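Working notes for the structure below.
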Amino acid sequence: EIYTLSLHDALPISILTNDFLRSVYKRPFIVSRANTIGHGKYGFHWLGDNVSTFEDLYYSIAGIFNYNIFGIPMTGADICGFHEDSTDELCARWHNLGAWYPFSRNHNALNQKSQEPFAFFENGIKKKTLNAATNSIRFKYSIIRYIYSQMMLISIGEKGSYFKPAFFEFIND
């Protein structure tokens, strides 16, 4: 079931859900669009309903940096955009970038043109998106153990953030 939460409900609900799921599973996976201070310890966040534009692709980078600075390391955007129809070129570039997101998914609104990678395959010809998604997903899965090991270290307080701006590492530059 899907529940709609207000901002002030997000943290208590994430804490309760995390506690319950930890009693059943070792590593719960809780994703929420609502969040507040402390949420990153108990759940993850996606940036919300973006638009299928190169501008929103660009802004997704800053959004992920910001949420990592705020203490929510597992963050990502809707690859190819959520609202409006994506193009083959845009979707291909978004899959390339999405391989580097800590959390990524291809997701769009109802009544929008399908944007799964296979949707960009016409008359036996692979389009850019199918090639980009194939290569990007293979790359992401080749480093997935590293990514989730880093996320685990972050969640227990051993490391700061995963997707971080250069000034986090090079504070004197």
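What do you reckon, is Ser149 surrounded by fewer than 15 Cβ atoms within 10 Å (Cβ to Cβ), small (Gly, Ala, Ser) and within 25 Å of Arg33 (Cα to Cα)? Step through it out loud before you land on a result.
Numbers: surrounded by fewer than 15 Cβ atoms within 10 Å (Cβ to Cβ): yes; small (Gly, Ala, Ser): yes; within 25 Å of Arg33 (Cα to Cα): yes.
When the stated conditions are applied, Ser149 passes them.
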Could you check the range 161-173 and list, in sequence order, the residues that are within 18 Å of Phe44 (Cβ to Cβ) and either exposed (fewer than 14 other Cβ atoms within 10 Å of the Cβ) or of a type in the set (Phe, Trp, Tyr) (or both)? Tyr162, Phe163
Just one of Gly40, Gly98, Gly63 is touching a Leu at 6+ places or on another chain (Cβ under 6 Å) and on the phi < 0 side of the Ramachandran plot; which is it? Gly63
Filtering the range 119-141 down to residues that are out of contact with any helix residue (DSSP H, G or I) (no Cβ under 6 Å at 6 or more places or on another chain) and surrounded by 13 or more Cβ atoms within 10 Å (Cβ to Cβ) yields Ala119, Lys126, Asn131, Thr134, Asn135, Ile137, Phe139, Lys140
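Results for (1) more than 12 Å from the chain's Cα centre (by Cα); (2) of a type outside the set (S, T, N, Q); (3) assigned to a helix (DSSP H, G or I); (4) closer than 22 Å to Gly160 by Cβ, shown as yes or no for each residue.
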position	(1), (2), (3), (4)
His45	no, yes, no, yes
Gly48	no, yes, no, no
Ile61	no, yes, yes, yes
Ile64	no, yes, yes, yes
Tyr67	no, yes, yes, yes
Ser86	yes, no, no, no
Cys91	yes, yes, yes, no
His95	no, yes, yes, no
Tyr101	no, yes, no, yes
Residue selected from the range 48-89 under the condition at pLDDT below 90 and within 17 Å of Gln112 (Cβ to Cβ), by the criterion least open to solvent (accessible area, probe 1.4 Å): Gly48
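Go through the range 115-173 and count every residue that is assigned to a strand (DSSP E or B) and either of a type in the set (A, V, I, L, M, F, W, C) or under 18 Å from Gly98 (Cβ atoms) (or both).
2
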Taking interchain pairs and intrachain pairs at least six residues apart, which have beta carbon atoms under 6 angstrom, with the first residue in the range 97-116 and surrounded by 13 or more Cβ atoms within 10 Å (Cβ to Cβ) and the second in a helix (DSSP H, G or I)? Ala99/Ser136; Ala99/Phe139; Ala99/Lys140; Ser104/Gly98; Gln115/Cys91
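Taking the conditions exactly as written (of a type in the set (Lys, Arg) and closer than 30 Å to Asp85 by Cα), does Lys126 satisfy them or not? Explain how you work it out, then say what you get.
Numbers: of a type in the set (Lys, Arg): yes; closer than 30 Å to Asp85 by Cα: yes.
Considered against the rule, which asks whether it is of a type in the set (Lys, Arg) and closer than 30 Å to Asp85 by Cα, Lys126 comes out as yes.
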Test for Ile156: is it open to solvent by less than 60 Å² (accessible area, probe 1.4 Å) and closer than 30 Å to Asn18 by Cβ: no
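The values are calculated or read from the model by the stated rules, or taken from the named source; none is laboratory data. Quick caveat: nothing in here was measured; it's all calculated off a predicted structure. No Cβ is skipped: glycine too gets one built from the backbone with ideal geometry, and neighbour counts run over all protein chains shown. Heavy atoms of the whole protein, side chains included, go into the accessibility calculation; ligands, DNA and RNA do not. Shrake-Rupley method; radii C 1.70, N 1.55, O 1.52, S 1.80 Å.
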